[in-house]
Ligand SMILES: [Zn+2]
């Protein structure tokens, strides 16, 4: 059996066992999706959103890209945030980074990887913003871990700086933005305690006055 055929076989087995456990499962999902969470994570194959937090299909809306970056000109990511916040009305957005992130590591070096270098520039900007703090750490691994954490913090801020999230808060919508980091070596998520739930907690330069 080819590798691809195996995937279809696995899919059939999964669909059958899921239906056996809950005969209504797919009928309910077809009706609507009502996830409470938007997960913005890394594309890394070792960090699958649903599996890590034990959520079923229908329970988490997901956007993943290399190194979980939220860029204010990325129409793809902004569209996901807008749909999640304004239509699905998720209550929580979690930016989930991970230690050992290849994208962060690449951004910390000088090797070229082609087109992706342009994407990694956003992470180099994180490095530049925290250069003194990062370079004060002598140990390579600890410095790498710190950069993975700082990248999450910056992307949480970027989510909070979108007009989408700010308008939701202004309209009284219940919405929290969180920063988490995942350990590839132990499978555990650490809350970085950078959650933001209201406009007053957004630094004034990024706080927008009206709808846009
Ligand atoms: Zn990664």
remark   = The relative contact order of region 6-74, taking Cα pairs under 8 Å that sit 6 or more residues apart, comes to a percentage of 30
ask   = Using 11 Å as the cut-off for backbone N distance, which residues of region 148-163 belong to the label zone defined by a point 7 Å from the Cα of residue 72 along Cα→Cβ?
value = 158-163
ask   = In nm, to one decimal, how far is the residue 79 label point from the residue 201 one, both placed 7 Å along Cα→Cβ?
value = 3.0
query = What is region 113-212's relative contact order, in percent, from Cα pairs under 8 angstrom and six or more apart in sequence?
reply = 21
query = In whole Å, how far is the Cα centre of region 1-43 from that of region 110-180?
reply = 31
key: Rule-of-thumb Rg ratio for region 8-77 [Cα; 2.2 N^0.38 Å; N residues]   = 1.33
task = Quickly work out the residue 36-to-residue 128 label distance, labels modelled 7 Å from Cα along the C-beta direction, and quote it in nm with one decimal.
result = 4.1
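At 222 nm, what helix-only mean residue ellipticity would the chain give, in deg cm²/dmol to the nearest 500, using -39500 (n - 2.57) for each DSSP H run of four or more? Don't skip to the answer; put the middle values down first.
Working: 9 runs with 94 residues, N = 212.
Using -39500 (n - 2.57) per qualifying helix, the result is -13000 deg cm²/dmol.
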note = When the chain is treated as a Gaussian network with springs between alpha carbons less than 10 Å apart, the largest mean-square fluctuation among 164, 134, 81 is found at 134
note = the chain, Gaussian network, Cα under 10 Å: of 31, 174, 12, the residue fluctuating most is 12
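Between residue 11 and residue 105, what's the calculated FRET efficiency when r is the beta-carbon distance and R0 is 30 Å? Round to 0.05.
Numbers: r = 33 Å, r/R0 = 1.10.
So the FRET efficiency works out to roughly 0.35.
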request  = Can you tell me the relative contact order of the chain? Whole percent, Cα pairs under 8 Å, sequence separation 6 or more.
outcome  = 19
inquiry  = Just to be sure I understand: if I project the alpha-carbon convex hull of region 80-178 onto a plane and average over all orientations, what area do I get in nm²?
reply    = 7.2
ask   = Can you give the FRET efficiency for residue 116 and residue 55, using 1/(1 + (r/R0)^6), R0 = 30 Å, r = Cβ-Cβ distance, to the nearest 0.05?
value = 0.55
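We did not get these values from a lab; they are worked out from the coordinates using the rules stated. In this text the structure is predicted, and so the values were computed from the model without any measurement. FYI the Cβ positions are ideal-geometry reconstructions off the backbone, even for glycines, and counts take in every protein chain you see.
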